[in-house]
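Here the structure is laid out as structure tokens; the discussion comes afterwards.
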Amino acid sequence: MKKSYVFNTLICCGCTALIFLLHFIVYGGVLLKSPGYTGLFCAVWIAHAAGYSGTLEPKIRPHTAVRVRLWQLLYCILFGSVLFVTIEEPYDVLCWFCVVYGVVCVIFFLRKGDNGAEPWTATFMMLWMLLTLGAFLLIVHPITVSQARNLVEQAGYTDLYRFQSVDWDAIRFAQVINNDTEIIGCTMPEEKDPLGWYGFRAFKDGERYCVVVSAARGQIEVQEKQGE
């Protein structure tokens, strides 16, 4: 394998690791609504960088007028669909990735007229994904797990334990099992959070509480005392 392939593959893997580190560790799993699809998106570029996509070598293809128009029509339909979904779901980072990819593809790749892709194009796109994620965080400004924990502690709660799994059903009730021995229930607010919730089992004045923090709004939404 050429050094350029190894170098670009390492960069792409590092960018992917950073994205999922932010999602699972820093933001506690609320950052990406579709981590599986995001991982597939990153895997495609890692494959490009490693030379396994089959498109790294330019191929000679006839540029007939019909073929070009069909590709342009398909691209416009796909890009328009993704743009519409992004407007409807502005808190879905994957949609942001797809929109930016469409714009960058037109500006740098389609205008270039290349039929193939060099290893550096994968690194280029992964770096754009990181820039897009950074823009999303600056615009939406969700709070992290650590900030949510500090917010609850500042409200006077101690001995915090974050929910390991949260299941909101139709009646807005959260049931959390801690080590198969403890069940915590919370009545959720009417207004939904566009990103998700940070739930904590906490104590205040010797009483056990369920405290839920909004990831997008950055405020405590539920402070419910737990029964014995």
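Each reported figure results from applying straightforward, stated rules to the coordinates on display, with no laboratory input. What you see is a predicted model, and the numbers here were worked out from it, not measured in a lab. Glycine gets a Cβ as well: all are built from the backbone with ideal geometry, and neighbour counts include every protein chain shown.
Give a residue-ordered list of calculated ³J(HN,Hα) values for region 185-193 (Karplus: 6.51 cos²θ - 1.76 cosθ + 1.60, θ = phi - 60°; whole Hz; x for Gly, Pro).
x, 10, 7, 7, x, 5, 6, 7, 8
Please work out the FRET efficiency for the pair Val44 and Ile87, using the Cβ-Cβ distance as r and a Förster radius of 30 Å; give the result to the nearest 0.05.
Once the sixth-power term is evaluated, E becomes 0.75.
Provide the packing ranking of 5-12, 78-85, 20-27, i.e. peptides ordered by the mean count of other C-beta atoms within 10 Å per residue, highest first.
5-12, 20-27, 78-85
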